[in-house]
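Enquirer: The structure follows.
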Amino acid sequence: MRLIFVVILAMAIATATGLGLTWSTATRGVDIGTLTIGPWTARPWIGTSDIDPYARASIARSGELPIGAGDGITFRAAADSDGKKLDGRCDVVVSGITPPARFWTLTLYDTRGRLVANALSRYGFTSQEVVRAADGSFTVRIAPRARSGNWLPTGGINRYQLLLRLYDTPVGVATRSQKDAPLPSISMAGCS
């Protein structure tokens with residue numbers, strides 16, 4: 001009787017551990033093939049047939065449609081350049097330049113991957129509409145209250161993430177550094 005109890009307990013522990021690790025991997029993903037440049041991370045293999053099974057499970061769970069490798073790449077940032085989590089109650093500045101791309105978008109999402117609701121229905125900027133400086137650089141302010149220039153409203157949510165999608169770009173699986181792909185910096189400008 002004791003042997004049966006020990007076997008059932010061991011199987012229950014193994015099942016719970018396996019299910020817990022599977023859930024964790026499917027929700028958070030793993031760093032297999034991840035490209036990190038400053039606060040931005042991308043998974044260049046995610047839009048190819050060589051996608052790892054963990055990323056495949058994560059995509060199946062989220063319902064996200066990844067950009068194909070020949071079409072572009074998506075960079076995600078949930079923290080600033082100093083590693084502080086992005087806070088919707090604070091002013092955040094995204095500034096700099098992007099790598100060469102035919103078109104790009106910078107979009108604000110909550111931590112679950114949904115667009116952040118706001119009264120203006122303003123969710124992001126594209127390379128065609130962002131106001132730039134003479135040298136081609138841009139500055140986007142992300143804040144709960146209106147700011148001059150390129151401004152994205154956060155609605156005052158606690159945490160959010162930014163997605164920078166580059167379309168028709170040479171950035172991809174061979175990219176390794178800021179020199180290969182100059183991405184904009186992200187900095188906290190203060191909290192209200």
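Enquirer: Has region 108-125 got at least one residue that is assigned to a loop (DSSP other than H, G, I, E, B), without any contact (Cβ under 8 Å) to a residue 60 or more places away in the chain and in contact with a helix residue (DSSP H, G or I) (Cβ under 8 Å, 6 or more places away or on another chain)? Before the answer, list the steps.
Expert: As a first pass, look at region 108-125 and keep what is assigned to a loop (DSSP other than H, G, I, E, B): 111-114, 116-123.
After this cut, where a residue has to be without any contact (Cβ under 8 Å) to a residue 60 or more places away in the chain as well, the list is 111-114, 116-123.
Filter again for in contact with a helix residue (DSSP H, G or I) (Cβ under 8 Å, 6 or more places away or on another chain), leaving 113.
Yes, region 108-125 contains at least one residue that is assigned to a loop (DSSP other than H, G, I, E, B), without any contact (Cβ under 8 Å) to a residue 60 or more places away in the chain and in contact with a helix residue (DSSP H, G or I) (Cβ under 8 Å, 6 or more places away or on another chain).
Enquirer: Any residue at all in region 67-83 that's among the basic types (Lys, Arg), at pLDDT 75 or above and within 20 Å of residue 110 (Cβ to Cβ)? If you could, list the steps in order and put the result at the bottom.
Expert: Within region 67-83, the first condition is being among the basic types (Lys, Arg), and the residues that meet it are 76.
Within this subset, residues satisfying the condition of being at pLDDT 75 or above are 76.
From what is left, the residues that are within 20 Å of residue 110 (Cβ to Cβ) are 76.
Yes, there is a match, as at least one residue in region 67-83 is among the basic types (Lys, Arg), at pLDDT 75 or above and within 20 Å of residue 110 (Cβ to Cβ).
Enquirer: When you go through (1) crowded, with 16+ Cβ neighbours inside 10 Å; (2) under 21 Å from residue 110 (Cβ atoms); (3) among the small types (Gly, Ala, Ser); (4) modelled with pLDDT under 70 one by one for residue 62, which number turns out not to apply?
Expert: (1)
Enquirer: Residue 165: closer than 21 Å to residue 67 by Cβ, modelled with pLDDT of 90 or more and among the charged types (D, E, K, R), yes or no? Spell out the reasoning first.
Expert: Working: closer than 21 Å to residue 67 by Cβ: yes; modelled with pLDDT of 90 or more: yes; among the charged types (D, E, K, R): yes.
For residue 165, the condition - closer than 21 Å to residue 67 by Cβ, modelled with pLDDT of 90 or more and among the charged types (D, E, K, R) - is met.
Enquirer: So which of 145, 112, 132 ends up being out of contact with any Gly (no Cβ under 7 Å at 6 or more places or on another chain) and within 26 Å of residue 43 (Cα to Cα)? Don't jump to the end; show me each part of the working.
Expert: Working: 145 fails: within 26 Å of residue 43 (Cα to Cα); 132 fails: within 26 Å of residue 43 (Cα to Cα).
Selected residue: 112, the only one of 145, 112, 132 that is out of contact with any Gly (no Cβ under 7 Å at 6 or more places or on another chain) and within 26 Å of residue 43 (Cα to Cα).
The values are calculated or read from the model by the stated rules, or taken from the named source; none is laboratory data. Keep in mind it's a predicted model, so treat the numbers as computed, not measured. FYI the Cβ positions are ideal-geometry reconstructions off the backbone, even for glycines, and counts take in every protein chain you see.
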